[in-house]
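Undergrad: Dumping the structure here so I can ask a few things about it.
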Amino acid sequence: MANLSAMEGQTALITGASSGLGRHFALTLARAGAHVALCARRGDKLASLVEEIEAFDGRAMAFSMDVSDVSSIEAAVDAAETELGAINVLINNAGIAVQKNAIDISEEDYDNLFDTNTKGAFFVATAVGKRMIQHGHGGSIVNIASVAAIRAVRQLSIYSMSKIAVTQMTKSLALEWARYNVRVNAIAPGYIETEMNQAYFASDAGKKFSDTFLRRRVGVPEHLDGALLLLATSAGEFMTGETIVVDDGLNLAI
C-alpha cells in the first residue's frame, strides 16, 4: 500500500496515463496524495480515470499530449502547471512496442517507435526538467525503461534499442541536472500483466512462455509500486542516474 501522505502537496505528471502501467502509476501517486496531471492522446479514457481518482478524494486533471509532437508536449506541460502548479515529479512512461523479426521491421515501424519511445521520452524529460530548473525547487524524473534494455529479447530489437537509449538518457540528464537538485532515475520492468497482454498470458502459448521465467509467473502493476514511490518521493533522495530492474529475476534467465 502507498504511504497516504508521501506525496502530499506534490504535483506529478504522468505520460501514457490512459491505460496499462501509466494508468496504474497515476492511481498509485494520487493515493499517495499527489495532484496528478494525466497525459495521453486518448482523452476518453483519461476522463474515466479522472472520475476514478476523484471518487477517493484525489485531485486529477487530463491533458492531451502526443509525445511524438514537441509542440504538443510543451502545450500540455504549460497547461498542467497552470492548472495544478509547478511539477515536482514526472513519470515518463509513454511508449509503444514492435514485436517482429528484425528483417521484417519497416522504416515506418522504426520511425513510429523511436518517435515515441526515444524522441518523445527525451523531449518530455527536457520540457519538465527545464521548468524544474527555472522554478528552483528541484524534482524527480522517473523514466520507464524495460528489462529488454538489460538483456536481448527475441523479436524486440528496435524496442530494446529504444529502451537502452532511455537508460543512457537517464544517466546523462542526471549528470547535467544534479546541481539543480533534479534527480533522474529509471525503472526497468519485466513482463507485467496489463489489459494489452492479459489475453496472451492467459492463453496456452502465454502460459508456456511464462513457465520459462525464473519464478514461472508474470508480474502485476502493483509489483512496481515500491520502486515507483522510492524514486518519486524523498525516500529516494540520495539516488540519481540509476535504473532499478524490477523483473522477478527475469534478466538472469533470458
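Undergrad: Scan around ALA188 for amide H atoms under 5 Å from its own, H built in the peptide plane at 1.01 Å from N, and keep only partners 5 or more places away or cross-chain.
TA: Amide H to amide H, under 5 Å and 5 or more residues apart or across chains, ALA188 pairs with ALA145, ILE244, VAL245, VAL246.
Undergrad: How much FRET efficiency would the formula 1/(1 + (r/R0)^6) give for ARG216 and GLU242, where r is the Cβ-Cβ distance and R0 is 25 Å, rounded to 0.05? Intermediate values should be presented prior to the final figure.
TA: Details: r = 28 Å, r/R0 = 1.13.
Step by step, r from the Cβ atoms, then E = 0.30.
Undergrad: Using a/c under 1.5 as the rounded threshold, could you call region 111-201 rounded, prolate or oblate? The axes a ≥ b ≥ c are square roots of the C-alpha gyration tensor eigenvalues, and prolate needs a/b larger than b/c, oblate otherwise.
TA: Values: a/c = 2.27, a/b = 2.07, b/c = 1.10.
Cα axes put region 111-201 in the prolate bin.
Undergrad: How would MET196, MET61, MET132 line up from fewest to most surrounding beta-carbon atoms within 10 angstrom?
TA: So the residues, fewest neighbours to most, are MET196, MET61, MET132.
Undergrad: Something else now. Given the C-alpha atoms of the chain, compute the convex hull and give its volume per residue in Å³. Mind showing how you got there, number by number?
TA: Values: hull volume 31.2 nm³, N = 254.
Convex hull of Cα atoms, per residue: 123 Å³.
Undergrad: What is the spread of the Cα atoms of region 1-110 along each of their three principal axes, largest first, in whole Å?
TA: 50, 32, 24
Undergrad: How many nm is it between the label spots at ALA79 and SER172, if each spot is 7 Å from the Cα in line with the beta carbon?
TA: Between ALA79 and SER172, the label points sit 2.9 nm apart.
Undergrad: Could you order peptides 80-89, 170-179 by the average number of other Cβ atoms within 10 Å of their residues, highest first?
TA: Numbers: 80-89: 18.4, 170-179: 16.7.
Packing proxy ranking, top to bottom: 80-89, 170-179.
Undergrad: Right, something else. For region 78-164, list log₁₀ I(q)/I(0) at each q in 0.19 Å⁻¹, using the Debye formula over Cα point scatterers of equal strength and ignoring solvent, two decimals each.
TA: Results for region 78-164 at q = 0.19 Å⁻¹ read -0.83.
Undergrad: With labels modelled as points extended 7 Å from the Cα through the Cβ direction, what inter-label distance (nm, one decimal) is found for ARG154 paired with HIS137?
TA: 4.9 nm
Undergrad: Now for a separate question. Using only the alpha-carbon atoms, how far is helix 43-55 inclined from the longest principal axis of the chain? Give it as 0 to 90 degrees, nearest 10.
TA: The answer is roughly 60 degrees.
Undergrad: I would also like to ask the following. Among 103-113, 32-42, what's the highest-first ranking by average C-beta atoms within 10 angstrom per residue? Intermediate values should be presented prior to the final figure.
TA: Numbers: 103-113: 12.1, 32-42: 24.7.
Final packing ranking: 32-42, 103-113.
Undergrad: Among the lysines, which fall within straight-line cross-link reach of LYS208, defined as a Cα-Cα distance under 20 Å, with same-chain neighbours fewer than 8 residues apart omitted?
TA: Straight-distance partners of LYS208: LYS100.
Undergrad: Please report how far the C-alpha centroid of region 37-54 lies from that of region 143-199, rounded to the nearest whole angstrom.
TA: With region 37-54 and region 143-199 each reduced to a Cα centre, they are spaced 24 Å.
Undergrad: What distance in nm separates the simple spin-label points at GLU8 and ILE164, each placed 7 Å from Cα in the Cβ direction?
TA: 4.6 nm
Readers should treat all values here as calculations from the given coordinates under stated rules, not as data from a laboratory. Keep in mind that this is a model prediction, so the values were computed, not measured. In this analysis, Cβ positions are derived from the backbone assuming ideal geometry, glycine residues included, and neighbour counts consider all displayed protein chains.
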